[in-house]
Amino acid sequence: METKEHNQLSSSSSHLNSILPLQDDNIACPSSPGYINILAQNDLFLIHAALMFISFFILMPFGIFISRYLRHYLALWFPLHILIMLLSAIFAISSFVLATSFMHGVHVTAKFGPSHSIIKLHHRFGYAAFSLLLFQLMLGMAAHVNFNDKRKNVPWVPDRLHWVLGWSTVLVAGVAVTVGGMVLEVPSSWGFVWGGYWVGLVVILVCMEVFVRMYPPGEKLHQEKEDRSGTEDSQNQNLVVIVN
């Protein structure tokens, strides 16, 4: 009987508007009679979470690492950076559309979802991360259009601002996902997985920064080329001397 009622309610989000209007956040908890987290039971909402994770925590960090650490080693780093960031935006936009279409007109109630204040907090950080992502794309295009290979210093706007806001966007999205986990009421064990992701990301970032500072890419590569060139010239001269 409870399963039948749940299926009927989850099939029509607009039906929630007329059922148990939320008066107090304190009553929206698993201990409420007949409590069901309808958000966690909806496939579209789970797809939304998966798309956002791929966008902000796989594609976007990878695009940033390419720009920051591989530009001196990979000839096609810039087209690859653009491609990955555009894919990140496509995933984020798709996820955003899914979330807004599903939540449109839905008032989560004590019986059918988590605290309304938690959902609002998730929305705010989600909107902030999405807005920063779009702003990042515009800054990146502006930096590309205004690029001058003869410049002596990198300007703060738009280039350095683009760099700083890149990681800021990932951090804001991280808060949105953390609050989103509270919305979906995921098991606490997932917190260790989520924490492990951030620890791994920081470790990789620190290791790359140390490597780049110890072995400056441009100087190192040029020095190695000069050493190889000098060695080859010396060998050729010795060979000429021997032949003569």
Inset, instruction - Beyond 24 Å, what share of the Cα-Cα pairs of segment 122-227 is found? Please give it as a whole percent. - result: 49
Inset, instruction - Using only Cα atoms, locate the centre of segment 151-195 and the centre of segment 43-99, then give the distance between them in Å, rounded to an integer. - result: 12
Inset, instruction - Output ³J(HN,Hα) for segment 158-173: one whole-Hz value per residue in order, computed from phi by the Karplus curve 6.51 cos²θ - 1.76 cosθ + 1.60 with θ = phi - 60°, and x for Gly and Pro. - result: x, 5, 5, 5, 4, 5, 5, 6, x, 5, 4, 4, 5, 5, 5, 5
Inset, instruction - With label points built 7 Å along Cα→Cβ from the Cα atoms of A50 and L205, find their separation and express it in nm. - result: 2.8
Inset, instruction - State, to one decimal in nm, how far the label point of F78 lies from the label point of R151, with both points 7 Å from Cα in the Cβ direction. - result: 1.2
Legend entry - Note, ³J(HN,Hα) from phi for segment 120-129, Karplus 6.51, -1.76, 1.60, rounded to Hz, x at Gly and Pro: 4, 5, 4, 4, 5, 5, x, 4, 5, 5
Inset, instruction - Set the Förster radius R0 to 35 Å, insert the Cβ-Cβ distance between V212 and E185 as r into 1/(1 + (r/R0)^6), and round the FRET efficiency to 0.05. - result: 0.25
Inset, instruction - With θ set to phi - 60°, apply the Karplus curve 6.51 cos²θ - 1.76 cosθ + 1.60 along segment 140-157 and write out the HN-Hα couplings as whole Hz, x wherever there is a Gly or Pro. - result: x, 5, 5, 5, 5, 5, 8, 5, 10, 6, 9, 5, 8, 10, 7, x, 5, 10
Inset, instruction - Heavy atoms only, probe 1.4 angstrom, no DNA, RNA or ligands counted: give me E209, E185 ranked by accessible area, highest first. - result: E185, E209
Legend entry - Heavy atoms of T178 accessible to a 1.4 Å probe, total area in Å² rounded to 10: 70
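The values are calculated or read from the model by the stated rules, or taken from the named source; none is laboratory data. This one's a predicted model, so the numbers in the text were calculated from it and none came from an experiment. Neighbour counts run over all protein chains shown; Cβ positions are idealised from the backbone, glycine included. Side chains included, ligands, DNA and RNA excluded: accessible areas come from the protein's heavy atoms. Shrake-Rupley method; radii C 1.70, N 1.55, O 1.52, S 1.80 Å.
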